[in-house]
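I have placed the structure first, in the form of structure tokens, so that the comments after it can refer back to it.
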Amino acid sequence: MIAADVRTETSRLLAELIRIDTTNPPGNETAAAEHLAAYLAAAGVESQIVGREPGRGCLVARIPGTGDGPSLMLLGHTDTVGADPEEWSVAPHSGLERDGFVWGRGALDMKGQVAAETVAVAMLAREGWRGAGDLILCAVADEEVGNGWGLSWLVEAHPDLVRADYVVNEGGGERLEHRGRVAYTVGIGEKRCSAFAITVRGKSGHASTPSAADNALVKLAPVIDRMQRMRPPVAELPALHTFLAAVGEDGADPAEVVARCRAENPILAAAVEPMLGATIAPTISQASTAVNIIPGRARLVCDCRILPGMTTAEIEQAVRAELAGIEHEFELVENVGGTLSPPDTPLYRVLEEFAPEIEPGASLAPFVNAGFTDSHFMREAFGSVAYGFMPMRMDPLLAGSLVHSADERASMDDLELATRFFLHVARAMGEPA
């Protein structure tokens, strides 16, 4: 199949997936799974659709291996966030092809990658290819909300169906240019979501006689201020030094790089800063339930992300020290993620082999995602080596502004590039040892 056909086929499949509204909630991912299953069946690939309920299906397709080689999973999710049509210049679920892009909700996050992975699997099946180990395509539900309908459920309910030695998922492949060098990011891990709550107490009363009460909401104000100004704990992340070397900042102080690049290269600064340590952001405050009741209890919830290897005990200790002198209660309300795969594996070397195909002279830059990905479930359940990577030459400033936003669109050239990459990684990882 010539390159032009790869571009056309992947773009067409993405457009078809966009036209299936899988906004989560409610999801309706089974409709997308059935469409993918029918497409794969035409290429001779068998699929299964499983889900906790009929409308929330996950697709698992497989080209069985011929021997004892490692298994490789191409992972993605088919659900999307919502879209307000009034904010868009095209219909959000049109799948319109225009100006070299496929437009619509999910084009970047992440139906484009699902389409490229699926086309690659179909092409391999058409040519009769089989690797030494199983090649698995997994397109799951419920990544955007994470209420237990997607991969977290699959690894528990059907572990033998989704077990894999190596995984390629979302969370990397963005182009970085700095000091005359070009690097493409590889997501080797993600930070742990460790949200916590701070509660302060007073004495409730009628708001018409405020002097008779002890307003807990007022007591919460200095808590919010201190959490906003707090310097969270830092940690040493070996991969950060590899990342900096790849972008021409070898030996530089990471915090200095962030400070310098906020203006000159904000994309680079945004990638480095989360790898310095924990982040804390006040996000939710809760107090009175009525305008005429002075609250006797007020609660602040803070989003907190910590690097793999850091502990929630470190965060609690640091927060309590920051709030010294303020009577408060600390409660951990979330504790998930925080896994890491080493960047010295056969799969990583396969990614490195493809880098010149993306762009001559390009290197790879391993980084830890500030956000959460489904790769966590594969690492935790099976010890899988999982990376986030779909190479995109698209301007990262533009791409970043379009994810979860209006006029989301994927470059058709990037879709072709991604399909060629998934073909490369499947063939290379499928070679006999």
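With 0.36 nm allotted per residue and the present C-alpha distance subtracted, the Asn292-Arg427 stretch has 41.8 nm of extension available. Calculated from the alpha-carbon coordinates, the stretch 129-230 shows an Rg and a Dmax of 24.8, 79 Å respectively. Projected onto their three principal axes, the Cα atoms of the stretch 210-339 cover extents of 62, 30, 25 Å, largest first. Projecting the Cα atoms of Ala164, Ala235, His206 onto the charge dipole of the stretch 136-291, computed from C-beta unit charges around the Cα centre, puts His206 farthest toward the positive end. In this rough spin-label picture, where each label sits 7 Å from Cα along the Cβ direction, the Val145-Arg19 distance is 2.6 nm. The label-point distance for Ser94 and Glu264, in a model that sets each label 7 Å from Cα toward Cβ, rounds to 4.2 nm. Taking max minus min of the alpha-carbon positions on each principal axis, the stretch 370-432 gives extents of 41, 26, 14 Å, largest first. For the pair the stretch 415-429 and the stretch 74-108, the centres of their Cα atoms are 23 angstrom apart.
Counting neighbouring beta carbons within 10 Å and listing from fewest to most, the residues Arg192, Arg229 come out as Arg229, Arg192.
Which helices of the chain meet both criteria: a Cα extent of 18 Å or more along the helical axis and a mean Kyte-Doolittle score no lower than -0.5, with helices taken as whole DSSP H segments?
Going by DSSP H runs, the hits are 3-18, 29-42, 112-126, 216-229, 346-358, 412-429.
By the rule of a C-alpha distance below 23 Å, with chain neighbours fewer than 8 residues away ignored, the lysines paired with Lys203 are Lys219. Between Glu352 and Glu46, the FRET efficiency estimated from the beta carbon spacing at R0 = 30 angstrom works out to 0.40. Spatially, the stretch 342-402 and the stretch 296-319 are offset by 28 Å when compared through their Cα centroids. Taking only alpha carbon atoms, the stretch 121-188 gives an Rg to Rh ratio of 1.09, where Rh is the Kirkwood radius.
Taking every DSSP beta bridge that has both ends in the chain, the antiparallel portion is near 70%. Once you have a ≥ b ≥ c as the square roots of the Cα gyration tensor eigenvalues for the chain, tell me rounded if a/c is under 1.5, and otherwise prolate or oblate according to whether a/b is larger than b/c. Prolate shape, in that a/c is at least 1.5 and a/b is the bigger ratio. Out of Leu323, Asn369, Pro346, whose Cα points farthest toward the positive end of the dipole of the stretch 321-373 (charges: +1 Lys, Arg; -1 Asp, Glu; placed on Cβ)? Comparing the listed Cα positions along the dipole, Pro346 ranks first.
Bear in mind these aren't lab numbers, they're just calculated from the coordinates by the rules spelled out. Note that the structure is a prediction, hence the values are computed from the model and not measured. Positions of Cβ are generated from backbone atoms using ideal geometry, with glycine treated the same way; all protein chains shown enter the neighbour counts.
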